[in-house]
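Quick note: the coordinates plus some simple rules give every number you see, no bench work behind them. For clarity, every value in this text was computed on a predicted model and none was experimentally measured. Neighbour counts run over all protein chains shown; Cβ positions are idealised from the backbone, glycine included.
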């Protein structure tokens, strides 16, 4: 078994004024995917020893420009990526780095979004995502639990690095550096009994819970009114009560008092 600890940097948060800069081949300009512009990864063996590194930048093919916020955050610029290879070539090299043996490889990620966006980018470029490992360990909740917090408390990578006294020798928001920090956390908190890899299903869609429709139980309402007024509610009364209820729901007769 090998562990592939990886991190991604994206081009995202495209300002409205830059929307025309989208590539003409994108099917819909109503949705703006997170485009991968850097993949950084470390490979560990069963003994959690590093046996390989991968660090590649990706020439954008979805957006023409790198968002200024992303450049400021990562240091990656539009000009820098012009000489890099496109996602298709980088993806193929990444698969070779994994050794094309996805049955024995386990992805280790800091956040599940890196898993989701990797698969989304692969499909967006119409490449084969079956080459990717399905097994993964999302380290973030385990780190929270290790630090005595709820596993639902999602901590920032830098916060955990600081809490575990891991030397911060390199800047964050670089895919290889963040993968390296994730790897150091992994080595510190690894528990083979607790950290059982899960299986990622790229086709899974979380079902939407259907909300129950609220309805007025008029029969109970009429019975209560008959009890309160000590008289029978006739059909004409019932019509008036229903009409009053419906008119009240429109709030057209609501006023505010101060």
Length added when fully stretched, residue 2-residue 223, from 0.36 nm per residue minus Cα-Cα: 72.5 nm
For the chain, share of DSSP beta bridges that run antiparallel, in % to the nearest 5: 70 percent
In degrees, nearest ten, helix 87-98 long axis to first principal axis of the chain (Cα): 70 degrees
Dimensionless Rg ratio for region 41-85, taking C-alpha atoms and the 2.2 N^0.38 Å reference: 1.58
Rg/Rh ratio calculated on Cα atoms of the chain (Kirkwood radius): 1.23
Using a Förster distance of 25 Å, the FRET efficiency for residue 80-residue 198 (Cβ separation, nearest 0.05): 0.10
Projected label distance in nm at residue 49 and residue 213, using a 7 Å step from Cα toward the beta-carbon: 6.6 nm
Relative contact order computed over the chain (Cα-Cα under 8 Å; 6+ residues apart), in percent: 19 percent
Helical contribution to [θ] at 222 nm, DSSP H n ≥ 4, -39,500 (n - 2.57), averaged over the chain, rounded to 500: -10500 deg cm²/dmol
